[in-house]
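Below you will find the structure I want to go over with you.
The values are calculated or read from the model by the stated rules, or taken from the named source; none is laboratory data. Nothing here was measured: the structure is a model prediction, and the numbers come from that model. Note: areas computed on protein heavy atoms with side chains; ligands, DNA, RNA excluded. Shrake-Rupley method; radii C 1.70, N 1.55, O 1.52, S 1.80 Å.
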Amino acid sequence: MHSDTQHEISAQDHEFRSDFEAFKVTPEQFNHAAHVRLAYIYLVEGDIDSAVQRMRESLLAFLKHHGIPPGKYHETLTHAW
């Protein structure tokens with residue numbers, strides 16, 4: 001089945017992504033819904049492989065910036081998001 005649905009992100013989504021990448025989002029704010037939102041934004045902006053790569057890089061940078069051990073990152077869950 002082929003879908004012609006076009007996905008778009010809002011200005012608020014652009015702002016959220018920019019804020020996350022600029023470390024303006026705190027670990028307390030980055031809950032399950034925020035994970036899914038960021039993954040969706042990256043998927044809309046590119047293909048699956050680039051979305052996974054961007055998610056990985058962004059999450060690892062987020063962890064490092066906030067002094068969270070990198071072991072908190074989980075590759076399989078990143079693909080799932």
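Accessible area per residue for the chain in Å², computed with a 1.4 Å probe and the full protein assembly in place, what is it?
Accessible area per residue, the chain: 70 Å².
I would also like to ask the following. Any idea what angle helix 32-45 forms with the longest principal axis of the chain, computed on alpha-carbon atoms, 0 to 90 degrees, nearest 10?
Result, in degrees: 50.
Go ahead and estimate [θ] at 222 nm for the chain from helices alone: -39,500 (n - 2.57) per DSSP H run with n ≥ 4, summed, over the residue count, rounded to 500.
-19000 deg cm²/dmol
Between helix 48-65 and the chain, what is the angle of the helix's C-alpha long axis to the longest principal axis, kept within 0 to 90° and rounded to the nearest 10?
The helix 48-65 is inclined about 20 degrees to the chain.
Still on this model: Ignoring ligands, DNA and RNA, what percent of the 1.4 Å accessible area of the chain is carbon and sulfur?
55 percent
Just want to confirm a number: the relative contact order over the chain, from Cα pairs under 8 angstrom separated by 6+ residues, in percent.
27 percent
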